[in-house]
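The values are calculated or read from the model by the stated rules, or taken from the named source; none is laboratory data. Just so it is clear, the structure is predicted and the values come from calculations on it, not from any experiment. Here Cβ is always computed from backbone atoms with ideal geometry, including for glycine, and neighbour counts include all displayed protein chains. The area values use the complete protein model at the heavy-atom level, side chains included, leaving out ligands, DNA and RNA. Shrake-Rupley method; radii C 1.70, N 1.55, O 1.52, S 1.80 Å.
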Amino acid sequence: MKAILSIDGGGIRGVLPALVLAQIESRVGRPIARCFDLIAGTSTGGILALGLGKDNGQGVPQYSAQALADMYEQHGKEIFSRSLWRGVSSVGGLLDETYTHKGLERLLEHYFDDEPLGASLTRLLLTSYDIHNRKPLFLKSWRQEHRAVLMRHAARATSAAPTYFEPAHIPVDGAKRALVDGGVFINSPSVSAYAEAQRIFPEEEDFMLVSIGTGELNRPIELRDAKDWGKAGWVAPLLSCIFDGVADAADYQMDKILGENYIRLQTTLDVASDDMDDVTRGNIANLKSEAARLLKTHKTELDLVCQRLVDKVN
(Lines give C-alpha, C1' and ligand atoms only; values in the text may rest on other atoms or scores of the structure.)
Protein backbone atom coordinates (compact mmCIF):
# COMPACT_ATOMS: atom_id res chain seq x y z
CA MET A 1 0.00 0.00 0.00
CA LYS A 2 1.10 3.53 -0.79
CA ALA A 3 -0.06 6.21 1.65
CA ILE A 4 -0.66 9.79 0.54
CA LEU A 5 -1.19 12.77 2.82
CA SER A 6 -2.85 16.01 1.67
CA ILE A 7 -2.98 19.10 3.90
CA ASP A 8 -5.24 22.09 3.16
CA GLY A 9 -4.33 25.75 3.36
CA GLY A 10 -5.77 28.07 5.98
CA GLY A 11 -3.20 30.33 7.62
CA ILE A 12 -3.09 30.11 11.41
CA ARG A 13 -5.73 27.39 11.22
CA GLY A 14 -2.80 25.09 10.38
CA VAL A 15 -2.92 24.38 14.13
CA LEU A 16 -5.76 21.93 13.36
CA PRO A 17 -3.98 19.54 10.94
CA ALA A 18 -0.76 19.81 12.96
CA LEU A 19 -2.52 18.50 16.07
CA VAL A 20 -4.27 15.74 14.11
CA LEU A 21 -0.90 14.65 12.71
CA ALA A 22 0.62 14.77 16.20
CA GLN A 23 -2.03 12.28 17.29
CA ILE A 24 -1.21 10.01 14.35
CA GLU A 25 2.52 10.13 15.13
CA SER A 26 1.82 9.25 18.76
CA ARG A 27 -0.41 6.31 17.91
CA VAL A 28 1.64 4.86 15.06
CA GLY A 29 4.96 5.42 16.82
CA ARG A 30 6.63 6.75 13.69
CA PRO A 31 7.17 10.25 12.27
CA ILE A 32 4.76 11.29 9.54
CA ALA A 33 7.56 11.34 6.94
CA ARG A 34 8.09 7.63 7.60
CA CYS A 35 4.39 6.83 7.31
CA PHE A 36 3.48 8.53 4.03
CA ASP A 37 5.03 8.01 0.61
CA LEU A 38 3.92 11.43 -0.62
CA ILE A 39 2.88 14.54 1.29
CA ALA A 40 1.12 17.38 -0.54
CA GLY A 41 0.35 20.76 0.95
CA THR A 42 -1.04 24.13 0.03
CA SER A 43 -0.15 27.33 1.90
CA THR A 44 -0.02 26.55 5.62
CA GLY A 45 -0.38 22.89 4.63
CA GLY A 46 2.72 23.31 2.49
CA ILE A 47 4.66 24.72 5.42
CA LEU A 48 3.60 21.72 7.50
CA ALA A 49 4.59 19.31 4.73
CA LEU A 50 8.04 20.88 4.54
CA GLY A 51 8.47 20.82 8.30
CA LEU A 52 7.48 17.16 8.50
CA GLY A 53 9.92 16.23 5.74
CA LYS A 54 12.95 18.23 6.88
CA ASP A 55 15.98 16.11 7.72
CA ASN A 56 17.86 17.00 10.92
CA GLY A 57 21.08 15.93 9.24
CA GLN A 58 21.01 12.42 10.66
CA GLY A 59 18.27 10.89 8.53
CA VAL A 60 15.38 11.63 10.89
CA PRO A 61 12.82 14.46 10.82
CA GLN A 62 13.90 17.62 12.58
CA TYR A 63 10.37 18.55 13.63
CA SER A 64 7.53 16.50 15.04
CA ALA A 65 3.96 17.41 14.19
CA GLN A 66 3.53 18.65 17.77
CA ALA A 67 6.55 20.93 17.38
CA LEU A 68 4.96 22.43 14.27
CA ALA A 69 1.68 22.95 16.13
CA ASP A 70 3.69 24.76 18.82
CA MET A 71 5.29 26.89 16.09
CA TYR A 72 1.90 28.39 15.19
CA GLU A 73 1.07 29.07 18.82
CA GLN A 74 4.44 30.60 19.66
CA HIS A 75 5.14 32.50 16.44
CA GLY A 76 1.74 33.27 14.93
CA LYS A 77 2.02 36.95 15.79
CA GLU A 78 5.39 37.13 14.03
CA ILE A 79 3.86 35.73 10.83
CA PHE A 80 0.89 38.09 10.89
CA SER A 81 2.58 41.22 12.20
CA ARG A 82 1.54 44.68 11.12
CA SER A 83 2.61 48.07 12.40
CA LEU A 84 0.08 50.82 13.04
CA TRP A 85 1.61 52.80 10.17
CA ARG A 86 1.19 49.88 7.75
CA GLY A 87 -2.45 49.53 8.72
CA VAL A 88 -3.05 53.20 8.08
CA SER A 89 -0.98 53.50 4.88
CA SER A 90 -2.53 50.41 3.32
CA VAL A 91 -6.05 51.51 4.35
CA GLY A 92 -6.59 48.27 6.18
CA GLY A 93 -5.10 46.21 3.36
CA LEU A 94 -7.05 47.77 0.49
CA LEU A 95 -4.11 49.61 -1.11
CA ASP A 96 -1.26 47.27 -0.14
CA GLU A 97 -0.73 43.84 1.39
CA THR A 98 -2.14 43.56 4.89
CA TYR A 99 1.12 42.23 6.36
CA THR A 100 4.79 42.65 5.66
CA HIS A 101 6.45 39.45 4.48
CA LYS A 102 9.53 40.05 6.63
CA GLY A 103 8.24 38.34 9.77
CA LEU A 104 7.17 35.28 7.79
CA GLU A 105 10.50 35.09 5.98
CA ARG A 106 12.48 35.36 9.23
CA LEU A 107 10.51 32.48 10.70
CA LEU A 108 10.92 30.33 7.59
CA GLU A 109 14.67 30.98 7.57
CA HIS A 110 14.86 29.98 11.23
CA TYR A 111 12.99 26.72 10.69
CA PHE A 112 14.37 25.70 7.28
CA ASP A 113 17.72 27.50 6.96
CA ASP A 114 19.17 26.66 3.51
CA GLU A 115 17.84 23.10 3.28
CA PRO A 116 16.93 22.21 -0.33
CA LEU A 117 13.62 20.67 -1.28
CA GLY A 118 15.37 17.60 -2.67
CA ALA A 119 16.74 16.70 0.79
CA SER A 120 13.28 15.91 2.15
CA LEU A 121 12.88 12.55 3.86
CA THR A 122 9.76 11.81 1.81
CA ARG A 123 8.32 13.06 -1.47
CA LEU A 124 6.79 16.53 -1.16
CA LEU A 125 4.36 18.32 -3.46
CA LEU A 126 3.83 22.06 -2.85
CA THR A 127 1.34 24.18 -4.78
CA SER A 128 1.75 27.74 -6.00
CA TYR A 129 0.62 29.93 -8.89
CA ASP A 130 2.96 31.74 -11.29
CA ILE A 131 1.36 35.15 -11.87
CA HIS A 132 3.77 36.13 -14.67
CA ASN A 133 3.35 32.99 -16.76
CA ARG A 134 -0.27 32.62 -15.64
CA LYS A 135 -0.16 28.95 -14.73
CA PRO A 136 0.02 26.69 -11.69
CA LEU A 137 3.42 25.59 -10.45
CA PHE A 138 3.71 22.37 -8.49
CA LEU A 139 7.04 22.19 -6.68
CA LYS A 140 8.04 18.53 -6.52
CA SER A 141 10.93 17.41 -4.33
CA TRP A 142 11.75 14.45 -6.58
CA ARG A 143 12.03 16.43 -9.82
CA GLN A 144 15.54 17.41 -10.82
CA GLU A 145 14.63 21.02 -11.66
CA HIS A 146 13.04 21.55 -8.24
CA ARG A 147 15.47 19.70 -5.97
CA ALA A 148 17.68 22.77 -5.46
CA VAL A 149 14.77 25.07 -4.51
CA LEU A 150 15.24 26.04 -0.87
CA MET A 151 12.56 24.80 1.49
CA ARG A 152 12.10 28.29 2.88
CA HIS A 153 11.55 29.64 -0.62
CA ALA A 154 9.02 26.91 -1.39
CA ALA A 155 7.25 27.68 1.88
CA ARG A 156 7.18 31.40 1.08
CA ALA A 157 5.76 30.73 -2.40
CA THR A 158 2.99 28.36 -1.36
CA SER A 159 1.85 30.68 1.47
CA ALA A 160 1.91 34.04 -0.37
CA ALA A 161 -1.83 34.58 -0.02
CA PRO A 162 -3.03 37.55 -2.10
CA THR A 163 -4.03 40.59 -0.01
CA TYR A 164 -2.15 39.13 2.99
CA PHE A 165 1.45 38.99 1.66
CA GLU A 166 3.19 40.23 -1.45
CA PRO A 167 4.09 37.59 -4.08
CA ALA A 168 7.23 35.54 -3.54
CA HIS A 169 10.04 36.17 -6.03
CA ILE A 170 12.19 33.06 -5.87
CA PRO A 171 14.64 31.16 -8.09
CA VAL A 172 13.30 27.99 -9.68
CA ASP A 173 15.39 26.05 -12.19
CA GLY A 174 17.66 29.01 -12.91
CA ALA A 175 14.97 31.66 -13.33
CA LYS A 176 13.18 33.96 -10.89
CA ARG A 177 9.44 33.22 -10.60
CA ALA A 178 6.71 35.46 -9.17
CA LEU A 179 4.55 33.07 -7.15
CA VAL A 180 1.45 33.30 -4.99
CA ASP A 181 -0.47 30.96 -2.70
CA GLY A 182 -1.61 27.76 -4.40
CA GLY A 183 -4.93 28.16 -2.63
CA VAL A 184 -6.11 30.47 -5.42
CA PHE A 185 -6.70 27.36 -7.51
CA ILE A 186 -6.27 24.28 -5.31
CA ASN A 187 -6.60 24.84 -1.57
CA SER A 188 -6.94 21.09 -1.00
CA PRO A 189 -4.27 19.38 -3.15
CA SER A 190 -5.67 15.86 -2.75
CA VAL A 191 -6.64 15.30 -6.39
CA SER A 192 -3.25 16.45 -7.65
CA ALA A 193 -1.49 14.36 -5.01
CA TYR A 194 -3.35 11.25 -6.13
CA ALA A 195 -2.58 11.94 -9.80
CA GLU A 196 1.12 12.33 -8.99
CA ALA A 197 1.14 9.16 -6.88
CA GLN A 198 -0.21 7.20 -9.82
CA ARG A 199 2.64 8.52 -11.96
CA ILE A 200 5.30 7.82 -9.32
CA PHE A 201 4.01 4.34 -8.49
CA PRO A 202 2.53 3.08 -11.78
CA GLU A 203 2.48 -0.56 -10.65
CA GLU A 204 0.73 0.15 -7.35
CA GLU A 205 -2.99 -0.57 -7.09
CA ASP A 206 -3.58 -0.04 -3.37
CA PHE A 207 -3.60 3.62 -2.34
CA MET A 208 -4.82 5.29 0.84
CA LEU A 209 -5.22 9.06 0.74
CA VAL A 210 -5.66 11.00 3.97
CA SER A 211 -6.82 14.59 3.50
CA ILE A 212 -6.78 16.95 6.50
CA GLY A 213 -8.64 20.24 6.52
CA THR A 214 -8.08 23.42 8.49
CA GLY A 215 -11.72 23.88 9.51
CA GLU A 216 -14.84 24.29 7.41
CA LEU A 217 -15.87 27.88 6.83
CA ASN A 218 -19.45 28.35 8.02
CA ARG A 219 -19.74 32.12 8.41
CA PRO A 220 -22.49 33.16 5.96
CA ILE A 221 -22.12 36.00 3.48
CA GLU A 222 -25.42 37.81 3.74
CA LEU A 223 -27.08 39.04 0.56
CA ARG A 224 -27.93 42.36 2.22
CA ASP A 225 -24.19 42.92 2.70
CA ALA A 226 -22.87 41.51 -0.57
CA LYS A 227 -25.37 43.07 -2.96
CA ASP A 228 -23.72 46.50 -2.74
CA TRP A 229 -20.11 45.39 -2.68
CA GLY A 230 -17.75 46.57 -5.39
CA LYS A 231 -14.23 45.38 -6.06
CA ALA A 232 -12.87 46.43 -2.67
CA GLY A 233 -15.72 44.87 -0.72
CA TRP A 234 -15.43 41.54 -2.48
CA VAL A 235 -11.65 41.05 -2.20
CA ALA A 236 -11.40 39.20 1.13
CA PRO A 237 -14.77 37.36 0.94
CA LEU A 238 -14.04 36.23 -2.61
CA LEU A 239 -10.70 34.77 -1.56
CA SER A 240 -12.37 32.82 1.23
CA CYS A 241 -15.01 31.52 -1.22
CA ILE A 242 -12.30 30.34 -3.61
CA PHE A 243 -10.31 28.60 -0.87
CA ASP A 244 -13.41 26.94 0.58
CA GLY A 245 -15.08 26.03 -2.70
CA VAL A 246 -12.11 24.28 -4.30
CA ALA A 247 -11.53 22.25 -1.12
CA ASP A 248 -15.15 21.04 -1.15
CA ALA A 249 -14.88 20.16 -4.84
CA ALA A 250 -11.70 18.15 -4.26
CA ASP A 251 -13.35 16.30 -1.37
CA TYR A 252 -16.27 15.28 -3.58
CA GLN A 253 -13.98 14.16 -6.41
CA MET A 254 -11.68 12.06 -4.23
CA ASP A 255 -14.60 10.39 -2.50
CA LYS A 256 -15.89 9.28 -5.90
CA ILE A 257 -12.44 8.16 -7.08
CA LEU A 258 -11.14 6.26 -4.06
CA GLY A 259 -14.23 5.57 -1.95
CA GLU A 260 -13.30 3.95 1.37
CA ASN A 261 -9.59 4.40 0.63
CA TYR A 262 -10.08 8.16 0.89
CA ILE A 263 -10.33 9.57 4.41
CA ARG A 264 -11.18 13.23 4.94
CA LEU A 265 -10.52 14.62 8.42
CA GLN A 266 -12.30 17.96 8.65
CA THR A 267 -14.50 19.84 11.12
CA THR A 268 -16.71 22.89 11.23
CA LEU A 269 -15.41 25.92 13.09
CA ASP A 270 -18.03 26.34 15.78
CA VAL A 271 -15.96 28.25 18.34
CA ALA A 272 -12.78 29.27 16.50
CA SER A 273 -12.60 32.08 13.97
CA ASP A 274 -12.35 31.17 10.30
CA ASP A 275 -10.04 34.12 9.68
CA MET A 276 -6.62 32.99 8.47
CA ASP A 277 -4.88 35.67 10.51
CA ASP A 278 -6.61 35.57 13.90
CA VAL A 279 -3.55 34.87 16.06
CA THR A 280 -5.05 35.98 19.35
CA ARG A 281 -4.42 33.76 22.34
CA GLY A 282 -8.13 33.07 22.67
CA ASN A 283 -8.49 31.92 19.07
CA ILE A 284 -5.43 29.65 19.29
CA ALA A 285 -7.07 28.02 22.32
CA ASN A 286 -10.31 27.66 20.36
CA LEU A 287 -8.49 26.07 17.42
CA LYS A 288 -6.97 23.54 19.81
CA SER A 289 -10.47 22.81 21.11
CA GLU A 290 -11.72 22.33 17.54
CA ALA A 291 -8.86 19.89 16.91
CA ALA A 292 -9.79 17.89 20.01
CA ARG A 293 -13.40 17.74 18.80
CA LEU A 294 -12.29 16.61 15.34
CA LEU A 295 -10.25 13.80 16.87
CA LYS A 296 -13.28 12.70 18.87
CA THR A 297 -15.92 12.91 16.13
CA HIS A 298 -13.66 11.24 13.55
CA LYS A 299 -12.38 8.53 15.89
CA THR A 300 -13.50 5.69 13.60
CA GLU A 301 -11.72 7.14 10.58
CA LEU A 302 -8.64 7.95 12.64
CA ASP A 303 -8.54 4.40 14.03
CA LEU A 304 -8.61 3.07 10.45
CA VAL A 305 -5.83 5.40 9.31
CA CYS A 306 -3.58 4.53 12.24
CA GLN A 307 -4.13 0.79 11.90
CA ARG A 308 -3.36 0.82 8.19
CA LEU A 309 -0.23 2.89 8.79
CA VAL A 310 0.92 0.54 11.58
CA ASP A 311 0.45 -2.41 9.23
CA LYS A 312 2.36 -0.56 6.53
CA VAL A 313 5.43 0.44 8.54
CA ASN A 314 5.78 -2.81 10.50
query = Hey, among the residues in the stretch 156-193 that are of a type in the set (D, E, K, R) and buried (at least 24 other Cβ atoms within 10 Å of the Cβ), which one's modelled with the lowest pLDDT?
reply = ASP181
note = If we ask which residues in the stretch 288-312 are open to solvent by less than 70 Å² (accessible area, probe 1.4 Å) and among the β-branched types (Val, Ile, Thr), their number turns out to be 2
query = Out of curiosity, is VAL28 among the β-branched types (Val, Ile, Thr), open to solvent by 30 Å² or more (accessible area, probe 1.4 Å) and over 18 Å from the mean Cα position of the chain (by Cα)?
reply = no
request  = Check the stretch 67-74 and report whether any residue there is modelled with pLDDT of 95 or more, within 30 Å of ALA292 (Cα to Cα), of a type in the set (Asp, Glu) and open to solvent by less than 70 Å² (accessible area, probe 1.4 Å).
outcome  = yes
request  = Please enumerate the residues belonging to the stretch 241-261 that are touching a residue at least 40 places away in the same chain (Cβ under 8 Å), open to solvent by 20 Å² or more (accessible area, probe 1.4 Å) and either touching a strand residue (DSSP E or B) at 6+ places or on another chain (Cβ under 7 Å) or not in a helix (DSSP H, G or I) (or both).
outcome  = ASP251, LEU258, ASN261
key: Of all residues in the stretch 178-194 being in a helix (DSSP H, G or I) and in contact with a Pro (Cβ under 8 Å, 6 or more places away or on another chain), the one that is nearest to SER211 (Cα to Cα)   = ILE186
task = Enumerate the pairs (first residue in the stretch 155-170 and of a type in the set (Val, Ile, Thr); second residue anywhere and crowded, with 21+ Cβ neighbours inside 10 Å and in a helix (DSSP H, G or I)) with beta-carbon separation below 6 Å, excluding pairs fewer than 6 apart on the same chain, so at least 6 apart or on different chains.
result = THR158/GLY46; ILE170/HIS153; ILE170/ALA157
task = Please enumerate the residues belonging to the stretch 263-287 that are free of Cβ contacts under 8 Å to residues at least 60 places away in the same chain, open to solvent by 20 Å² or more (accessible area, probe 1.4 Å), of a type in the set (Val, Ile, Thr) and under 17 Å from PRO17 (Cα atoms).
result = THR268, VAL271
query = Would a scan of the stretch 130-149 turn up a residue that is outside any strand (DSSP E or B), in contact (Cβ under 8 Å) with a residue 24 or more places away in the chain, hydroxyl-bearing (Ser, Thr, Tyr) and surrounded by fewer than 21 Cβ atoms within 10 Å (Cβ to Cβ)?
reply = no
inquiry  = Looking only at residues that are modelled with pLDDT of 90 or more, farther than 21 Å from ASP311 by Cα and assigned to a helix (DSSP H, G or I) in the stretch 195-229, which one is most open to solvent (accessible area, probe 1.4 Å)?
reply    = ARG199
